[in-house]
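Before any comments, here is the structure.
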Amino acid sequence: MSATILIDGLPATPDDLAHQALVNYGAYTSFRVENGATRGLDLHLARMEQAAVELFGESPGEVEFRRLMALVVAGRDACWLRVSLFSPDIGHRDPTYVGRPKVMTVVSPPPPPLASSVRVTAVHYEREAPHLKHLATFGLIRARRAACAAGFDDALFVGGAGQVTEGTLWNIGFVQGDRIVWPQAPMLAGVTQALITRGLPQVGLTSETRPIRLDEIGAFDGAFLCNSATPVCPITAIGDVTFANDPVLLAKIEAAWAAQPLQLIAGRSDDEGVSRLGR
């Protein structure tokens, strides 16, 4: 399956794509779709609503988001959907436009998980406007390239005060007994992280969110990364600190994510899930 790109529900024009290539002002979210549904749709919609209002001053609204997403995924059993916000009226010379952004929807084949395990290196870096999933990805790609060149699989970001924040494309969770500890820091609130947290009580685990300094990580029993393509992936080392991750406990964490119901894209905002479509 090749990628399909629509802008406000219509085939993308060369001018639309040229603007996207030249101006990286905007935001996006992305996730796997199964038979017209996805886990955490409510969270993805909230993310886009917040970004639209903050970056453009107006949002297309949930009904329009759902319509455009349902249009592009129609007839596909499984795909990867990226929903981006941009405005051709905002550029380097005139950034003053305020109004409804355009919505770009892109479907492509679902990507594989990032890895089965990773070794990462800590990098002092903070994304600009870290609470947003925005289009400015130069810094994180540069960090990943440098990590790979140094013999690691990826990079973990650490703030100026030494606090652990997030990975390049993922959130990090630490294991302490039967408790998952999430970093509290300027970072993107991950949808997969939220889904895992929702499901932890169902598998007998608990969680907390608190500041975590890099020099504290050796006290944890394990660590893992998570994002929309990779619900749980063990982190075997952060720099010189190694983790003996318990596969049984990691399986419970993934089960917490899998227990969250699929939500129909074309459904109502109060849909609680689609049990007939899966876990």
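The values are calculated or read from the model by the stated rules, or taken from the named source; none is laboratory data. Fair warning: this is a prediction, and the values are worked out from it, not measured in the lab. Here the Cβ is made from the backbone with ideal geometry for all residues, glycine too, and neighbour counts use every protein chain on show.
For (1) polar (S, T, N, Q); (2) assigned by the TED database to the domain that holds GLU58; (3) surrounded by fewer than 16 Cβ atoms within 10 Å (Cβ to Cβ); (4) under 22 Å from the mean Cα position of the chain (by Cα), each residue gets a yes or a no:
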site: VAL72; (1), (2), (3), (4): no, yes, no, yes
site: CYS79; (1), (2), (3), (4): no, yes, no, yes
site: LEU85; (1), (2), (3), (4): no, yes, no, yes
site: ASP89; (1), (2), (3), (4): no, yes, yes, no
site: HIS92; (1), (2), (3), (4): no, yes, yes, no
site: THR96; (1), (2), (3), (4): yes, yes, yes, no
site: ARG100; (1), (2), (3), (4): no, yes, no, no
site: MET104; (1), (2), (3), (4): no, yes, no, yes
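Counting only residues that are within 20 Å of ILE217 (Cβ to Cβ) and aromatic (Phe, Trp, Tyr), how many does the range 137-162 have?
Residues flagged as within 20 Å of ILE217 (Cβ to Cβ) and aromatic (Phe, Trp, Tyr) within the range 137-162 amount to 2.
What strands (runs of 3 or more DSSP E) lie completely within the range 157-242 and have 1 or more residues being at pLDDT 95 or above, among the charged types (D, E, K, R) and under 18 Å from HIS44 (Cβ atoms)?
164-167
Only one residue in ALA115, ALA122 is assigned to a strand (DSSP E or B), among the small types (Gly, Ala, Ser) and surrounded by fewer than 21 Cβ atoms within 10 Å (Cβ to Cβ), so which one is that?
Within the list ALA115, ALA122, the selection yields ALA122.
Please verify whether the range 195-203 includes one or more residues that are of a type in the set (Ser, Thr, Tyr) and surrounded by fewer than 14 Cβ atoms within 10 Å (Cβ to Cβ).
Checking the range 195-203: not a single residue is of a type in the set (Ser, Thr, Tyr) and surrounded by fewer than 14 Cβ atoms within 10 Å (Cβ to Cβ).
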